[in-house]
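Engineer: The structure under discussion is supplied below as structure tokens; questions concerning it will follow.
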Amino acid sequence: MATPSPFRLPSDARPTRYSLTLTVDLKGFSFKGEEIIDIEVAAPTTQITINAAELQIAGAQIVPTGGVTQSATSIDLDETHETVSFSFSDTIPRGDAKLSIQFSGTLNDQLRGFYRSQYADGQGQQRLIATTQFEATDARRAFPCWDEPDIKAIFDVTLIVPADLAAISNTNVEGETPLPSGMKAVRFAQTPKMSTYLLAFIVGDFASVESTAANGTVVRVWATRGSEEQGRFALETSVGLLAYLNDYFGIVYPLSKLDHIAIPDFASGAMENWGAITYRETALLYDPANSAANTRQRIAEVVAHEMAHMWFGDLVTMEWWDDLWLNESFASWMGTKAVDHLFRDWHMWTQFIYEDTNVGLNLDGLRASHPIEAKVRNPAEIRELFDAISYRKGAAILHMLEEMLGAETFRDGLRAYLAAHQYANARTEHLWAALEAASARPVTAIMDSWVKQTGYPLLQVEAERGDSEVRLNLSQRRFLYDHLLSEDDEDQTTWQVPISVITARSAETAAQLMDGPRASVSLRNDPPSHPLDWIKVNAGETGFFRVNYSPAEWDRLGSAVKTLELPAADRLGLQNDAFALMRAGFIPAIIYLSLIEAYTDENDVSVWSDLSGNLRSLEALLLDAPFLSRFNAFARSLFSGIIQRVGWDARPGELHLDSLLRSTVLGQAGSYGDRDILVEAEKRFARLTGDFGSLHPDIRGTVYNLAAEQGDRSTYDRLWDLEKRANLHEERMRLLGALTRFRQPELIQETLERSLSPEVRSQDTPMVVVSAAANRHGRDLTWQWAKDNWAELDRRYARGGFAIMRLVAITGDFATLKRAQEVEEFFEAHPVPAAKRTVWQSLERIRLNVKWIETNQTQLASWFADRSTA
């Protein structure tokens, strides 16, 4: 039969049930398996083709219902397309059959498929675990299967493992049978009908803490033995989230248990295996004495994201990876909504703008971006989709759509969608149809402009101010950073844009849908004797677009920022829009710099976080500028007021966000050379003993980083010593990050060399490399080191998605055409199929950096000189 891609399986047979037994040999880093697959044969055939990769197939047999067993006459492995074809001498008739396969494989060290992880237990003994990561196309590395999301089946799993170890899978243990040679067979209950990439097996010395949710679901948090008590916060949060999600979706979580498992080596943050969610330790384990406030929030966010997947992704799964966003965007949006329900004082929707909306806007402003719905044909293209478009942009447009339709209507549509497609698959159009039915609005027409097109609009606002009203004339064009390269952009793409406006007169917003290249909004001066002052489009920053104003309107908005009249979400978005418009050449750099001077009295952590990130990006462009020291002085002046207000130590009754604000602004101001902060950080680091408790966890990372930035070899050795003695992985990550912050090239080089040694977990190496590249003193040498060690980096991470894209992206901060040519030539000689688009994006960024510096250098030099003499 014809197939749409050589990487897609033929449709002449489909599985309905897998009976799978795996024997795990941790000492030999291997496994053996046998499976009996109930299949439905659609048409007579002599060959069955399924997915398999990096497996040795010992044999295969098939028996049709009521027929005779026959063994495969040939077994043909196709390494390129990751398939195995079983040929039989007699025709297999249409109908039901059982396919039996015997196979073996290696527990690899590449954090994908069925892999091994090593860690030191509480007594310092090295221990091994075996675990899985199957998304997107790596179940085929553990057992031969139909490894496509729309080919769902039921799984009966048995794991044969050492008798002293725990075995965890998607469902509850149904029975254990002792076996010779110190082994046991652990049989699990039948799974629901599900996709292969959601299956999971975990084997190791794990222990758990447990609770029972209100609906009777058993909830557990697992960790390597001795660390399980650090799962208490995640456990309590999970129970609360389950109650909320059961109610919100109107469908009760269908499994009898929900396990959260902390894995010592894990490539991403977490994975939504149905009923057996796996995590990095830092995304699940919380030590009240040693964990920071931001870790507590991250755990809540990641747990909520993964639990939302139990419905969006697991219960209802996208038909094909083109619609990955149906899984990831919904989990990101719903995760924020659920955490906001549990922790109202965290102001999650303001944080959402900084963490999701703006990250999506930043990537999607590149010409080398891609639509939310992106056509993919092979595993490498699938892995490329796991980026800020599928996660962050998608989540932001869902937030925008909920605001447009109303929260209750939106929920009603989601419930209908889930009910109609549970235990099956769906496409984007199915979701739009459900929301159309619930809202009686043309959701498909509106949202197709957002999911099928690359990019987003820039709205230009011209205000005609009269005595009785203000008329806003709006025009839209595609926002592109490469407007900086050529203002003659012929892109005529338009979007259906929900317009909302907030004014100085009223917190109520005027709203309408802009469905063409131009629109207008009329606002009354009521009474006429008090004309409207500032006016801001995109109230609350719920829309996924940018807005530009005339210089006079920017001035009015700057005044509203200074007095904190604008809500925090709008202050955040206004600053981010101005920065992006400045980077793209739509407004002069001095308009942005003048605007951010209005933020000296800012008090919101999300606003400061976003502003800090943009200042770091600006600093990276000015590293070779003769006025860099003046830029640093300017940056210090911005932070001086907030530093005095937050201080170094928590005050009685402080809230969660106060802790986040302190660590954000202290670290940023110290990096610009604030002497008082640097001296205090040095004192606190000097007082630190082997007892980490002498330094509050909320500021440990800041102290470590600032000590390193002004430290020497003795500081470096001490940080490594602390890293080796730390038991909590969160602590080790703080220390590893600090070890990339030194100014001495030889120390940065040593950290990079150690990152590939057993001293640093494989999962953490990309973080070390990215952090070293972000250090102005390490940018060039990190790139050279990466090129010198590319063979190992490619072996470990090239097929994993997130990690390889992060490694490639370190090149995007360069700012010379010579570097652009070097990067292009390197990746032509060393292709990275899973990060091909990231290479294009980095090259685009480098060329934009070059042009921006050329365009702004003289004007900025003059502006900073005037400030220093004022």
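Engineer: Identify, please: which residue in segment 307-322 is part of a helix (DSSP H, G or I) and open to solvent by less than 10 Å² (accessible area, probe 1.4 Å) and is, among those, farthest from Tyr248 (Cα to Cα)?
Structural biologist: Among residues in segment 307-322 that are part of a helix (DSSP H, G or I) and open to solvent by less than 10 Å² (accessible area, probe 1.4 Å), the one farthest from Tyr248 (Cα to Cα) is Trp321.
Engineer: Let me ask something additional. Could you tell me whether any residue of segment 107-116 is surrounded by fewer than 18 Cβ atoms within 10 Å (Cβ to Cβ) and of a type outside the set (A, V, I, L, M, F, W, C)?
Structural biologist: Filtering segment 107-116 for residues surrounded by fewer than 18 Cβ atoms within 10 Å (Cβ to Cβ) gives 108-109.
Keeping just the survivors that are of a type outside the set (A, V, I, L, M, F, W, C) gives 108-109.
Scanning segment 107-116, I find at least one residue that is surrounded by fewer than 18 Cβ atoms within 10 Å (Cβ to Cβ) and of a type outside the set (A, V, I, L, M, F, W, C), so the answer is yes.
Engineer: Going through segment 577-591 one residue at a time, which ones are open to solvent by less than 10 Å² (accessible area, probe 1.4 Å), touching a helix residue (DSSP H, G or I) at 6+ places or on another chain (Cβ under 6 Å) and in contact (Cβ under 8 Å) with a residue 40 or more places away in the chain?
Structural biologist: Passing the criteria: Ala584, Ala589.
Engineer: Pairs only if they're at least six apart or on different chains, beta carbon under 8 angstrom, first in segment 236-247 and over 13 Å from Leu258 (Cα atoms) and of a type in the set (Phe, Trp, Tyr), second open to solvent by 10 Å² or more (accessible area, probe 1.4 Å) and in a helix (DSSP H, G or I); list them, first residue then second.
Structural biologist: Taking only residues 6 or more apart or on different chains, the pairs are Tyr244/His341; Tyr244/Leu342.
Engineer: Would you check which residues across segment 475-493 are modelled with pLDDT of 85 or more and open to solvent by less than 50 Å² (accessible area, probe 1.4 Å) and list them?
Structural biologist: Scanning segment 475-493 gives Ser475, Gln476, Arg478, Phe479, Leu480, Tyr481, Asp482, His483, Leu484, Thr493.
Engineer: Would you check if there is a residue in segment 214-235 being among the aromatic types (Phe, Trp, Tyr) and more than 18 Å from Ala308 (Cβ to Cβ)?
Structural biologist: yes
Engineer: Considering only residues that are over 18 Å from Ile92 (Cβ atoms) and either free of Cβ contacts under 8 Å to residues at least 60 places away in the same chain or in a strand (DSSP E or B) (or both), which ones fall in segment 34-56?
Structural biologist: Start the filter on segment 34-56 by keeping residues that are over 18 Å from Ile92 (Cβ atoms), which leaves 34, 51-56.
Those that are over 18 Å from Ile92 (Cβ atoms) and either free of Cβ contacts under 8 Å to residues at least 60 places away in the same chain or in a strand (DSSP E or B) (or both): Glu34, Asn51, Leu55, Gln56.
Engineer: With the condition kept exactly as written, say whether any residue in segment 796-808 is touching a residue at least 24 places away in the same chain (Cβ under 8 Å), over 25 Å from Tyr391 (Cα atoms) and touching a helix residue (DSSP H, G or I) at 6+ places or on another chain (Cβ under 6 Å). Before you say what the answer is, go through the steps one by one.
Structural biologist: So in segment 796-808, the residues touching a residue at least 24 places away in the same chain (Cβ under 8 Å) come out as 796-808.
Keeping just the survivors that are over 25 Å from Tyr391 (Cα atoms) gives none.
Within segment 796-808, not a single residue is touching a residue at least 24 places away in the same chain (Cβ under 8 Å), over 25 Å from Tyr391 (Cα atoms) and touching a helix residue (DSSP H, G or I) at 6+ places or on another chain (Cβ under 6 Å).
Engineer: Can you tell me which residue among Asp649, Asp610, Asp624 is under 30 Å from the mean Cα position of the chain (by Cα) and among the charged types (D, E, K, R)? Walk me through it before giving the result.
Structural biologist: Working: Asp649 fails: under 30 Å from the mean Cα position of the chain (by Cα); Asp624 fails: under 30 Å from the mean Cα position of the chain (by Cα).
Answer to the check: Asp610.
Engineer: Another one. Scan (1) under 27 Å from Ser486 (Cα atoms); (2) crowded, with 20+ Cβ neighbours inside 10 Å for the single condition Tyr797 breaks and write down its number.
Structural biologist: (1)
Engineer: Looking only at segment 152-188, filter to residues that are outside any strand (DSSP E or B) and in contact (Cβ under 8 Å) with a residue 40 or more places away in the chain; which one of those is surrounded by the most Cβ atoms within 10 Å (Cβ to Cβ)? Quick ask: steps written out before the conclusion?
Structural biologist: The first filter runs over segment 152-188 and keeps only residues outside any strand (DSSP E or B), leaving 152, 163-165, 170-172, 180-182.
Filter once more, so that each one left must be in contact (Cβ under 8 Å) with a residue 40 or more places away in the chain: 152, 164-165, 170-172.
On the way: Lys152: 20, Asp164: 8, Leu165: 21, Asn170: 25, Thr171: 21, Asn172: 14.
Out of the qualifying residues, it is Asn170.
Engineer: Within the group Ala820, Ala829, which residue is open to solvent by less than 20 Å² (accessible area, probe 1.4 Å) and small (Gly, Ala, Ser)? Walk me through how you get there before you give the answer.
Structural biologist: Values: Ala829 fails: open to solvent by less than 20 Å² (accessible area, probe 1.4 Å).
Step by step, each of Ala820, Ala829 is checked, and only Ala820 is open to solvent by less than 20 Å² (accessible area, probe 1.4 Å) and small (Gly, Ala, Ser).
Engineer: Of all residues in segment 780-794, which are within 20 Å of Leu621 (Cβ to Cβ) and either surrounded by fewer than 21 Cβ atoms within 10 Å (Cβ to Cβ) or not polar (S, T, N, Q) (or both)? Reasoning before the result, please.
Structural biologist: As a first pass, look at segment 780-794 and keep what is within 20 Å of Leu621 (Cβ to Cβ): 780-783.
Asp780, Leu781, Trp783, listed by residue number.
Engineer: Which count do you get for residues in segment 28-56 that are within 30 Å of Ser117 (Cα to Cα) and open to solvent by 30 Å² or more (accessible area, probe 1.4 Å)?
Structural biologist: The qualifying residues number 8.
Engineer: Which one of these is in a loop (DSSP other than H, G, I, E, B), open to solvent by 10 Å² or more (accessible area, probe 1.4 Å) and among the small types (Gly, Ala, Ser): Gly216, Gly240? Even if it seems obvious, please write down each step before you answer.
Structural biologist: Numbers: Gly240 fails: in a loop (DSSP other than H, G, I, E, B).
The unique qualifying residue is Gly216.
Engineer: Given the conditions (1) open to solvent by 10 Å² or more (accessible area, probe 1.4 Å); (2) closer than 30 Å to Gln422 by Cα; (3) assigned to a loop (DSSP other than H, G, I, E, B), which single one is not true for Pro149?
Structural biologist: (1)
Engineer: Among the residues of segment 328-340, is there at least one that is over 26 Å from Ile382 (Cβ atoms) and open to solvent by 10 Å² or more (accessible area, probe 1.4 Å)? Lay out the reasoning, then the answer.
Structural biologist: Initial filter on segment 328-340 (over 26 Å from Ile382 (Cβ atoms)): 337-340.
Going one step further and asking which of them are open to solvent by 10 Å² or more (accessible area, probe 1.4 Å), we end up with 337, 340.
Yes, there is a match, as at least one residue in segment 328-340 is over 26 Å from Ile382 (Cβ atoms) and open to solvent by 10 Å² or more (accessible area, probe 1.4 Å).
Engineer: In the set Arg700, Arg718, which member is open to solvent by 40 Å² or more (accessible area, probe 1.4 Å) and over 16 Å from Ala772 (Cα atoms)? Full working, then the answer.
Structural biologist: Details: Arg700 fails: open to solvent by 40 Å² or more (accessible area, probe 1.4 Å).
That would be Arg718, the only listed residue that is open to solvent by 40 Å² or more (accessible area, probe 1.4 Å) and over 16 Å from Ala772 (Cα atoms).
Engineer: I've got another one for you. Of all the residues that make up segment 546-564, how many are more than 12 Å from Trp534 (Cβ to Cβ) and part of a loop (DSSP other than H, G, I, E, B)? Show your work before the answer.
Structural biologist: So in segment 546-564, the residues more than 12 Å from Trp534 (Cβ to Cβ) come out as 546-548, 550-551, 564.
If we keep only those that are part of a loop (DSSP other than H, G, I, E, B) as well, we get 550, 564.
Residues meeting the conditions: 2.
Engineer: Quick check on this structure: which one of Ser500, Ser529, Ser522 is of a type outside the set (A, V, I, L, M, F, W, C), assigned to a strand (DSSP E or B) and at pLDDT below 90?
Structural biologist: Numbers: Ser500 fails: at pLDDT below 90; Ser529 fails: assigned to a strand (DSSP E or B).
That would be Ser522, the only listed residue that is of a type outside the set (A, V, I, L, M, F, W, C), assigned to a strand (DSSP E or B) and at pLDDT below 90.
Engineer: Name the helices (runs of 4 or more DSSP H) wholly inside segment 758-813 in which the number of residues that are of a type in the set (Phe, Trp, Tyr) is 2 or more. Give the steps one after another, and end with the answer.
Structural biologist: Numbers: elements: 765-774, 779-788, 790-797, 802-809.
Once the helices (runs of 4 or more DSSP H) in segment 758-813 are filtered for at least 2 residues that are of a type in the set (Phe, Trp, Tyr), what remains is 779-788, 790-797.
Engineer: If you go through segment 1-27, how many residues are farther than 23 Å from Pro192 by Cα, open to solvent by 60 Å² or more (accessible area, probe 1.4 Å) and in a strand (DSSP E or B)?
Structural biologist: 1
Engineer: Got a number for residues in segment 683-697 being part of a helix (DSSP H, G or I) and surrounded by fewer than 17 Cβ atoms within 10 Å (Cβ to Cβ)? Let's see the steps before the verdict.
Structural biologist: Just the residues of segment 683-697 that are part of a helix (DSSP H, G or I), to begin with: 683-687, 692-694, 697.
This time we only want the ones that are surrounded by fewer than 17 Cβ atoms within 10 Å (Cβ to Cβ), so: 683, 686-687, 693-694.
Residues meeting the conditions: 5.
Engineer: Among the residues of segment 57-98, which ones are surrounded by 15 or more Cβ atoms within 10 Å (Cβ to Cβ), polar (S, T, N, Q) and under 30 Å from Ala380 (Cα atoms)?
Structural biologist: Thr83, Ser85, Ser87
Engineer: Also, I was wondering about something else. Please state which of the following conditions Ile101 fails to meet, knowing it meets all the rest: (1) assigned to a strand (DSSP E or B); (2) open to solvent by 50 Å² or more (accessible area, probe 1.4 Å).
Structural biologist: The single condition Ile101 does not satisfy is (2).
Engineer: Here is a further query. If a residue counts only when it is closer than 30 Å to Asp533 by Cα and basic (Lys, Arg), which helices (runs of 4 or more DSSP H) contained entirely in segment 565-674 have at least 2 such residues?
Structural biologist: 568-583
Engineer: For segment 539-555, does any single residue satisfy the condition of being open to solvent by less than 60 Å² (accessible area, probe 1.4 Å), in contact with a Gly (Cβ under 6 Å, 6 or more places away or on another chain) and at positive phi? Outline the logic, then answer.
Structural biologist: Our first condition is that a residue be open to solvent by less than 60 Å² (accessible area, probe 1.4 Å); within segment 539-555, this holds for 539-550, 552-554.
Add one more test, that the residue is in contact with a Gly (Cβ under 6 Å, 6 or more places away or on another chain), and what stays is 541.
When the remaining residues are screened for being at positive phi, the result is 541.
Yes, there is a match, as at least one residue in segment 539-555 is open to solvent by less than 60 Å² (accessible area, probe 1.4 Å), in contact with a Gly (Cβ under 6 Å, 6 or more places away or on another chain) and at positive phi.
The values are calculated or read from the model by the stated rules, or taken from the named source; none is laboratory data. Nothing here was measured: the structure is a model prediction, and the numbers come from that model. Cβ sites come from the backbone with ideal geometry, for glycine too, and all protein chains shown count toward neighbours. Calculation scope for accessible area: heavy atoms of the full protein, side chains included, ligands and nucleic acids excluded. Shrake-Rupley method; radii C 1.70, N 1.55, O 1.52, S 1.80 Å.
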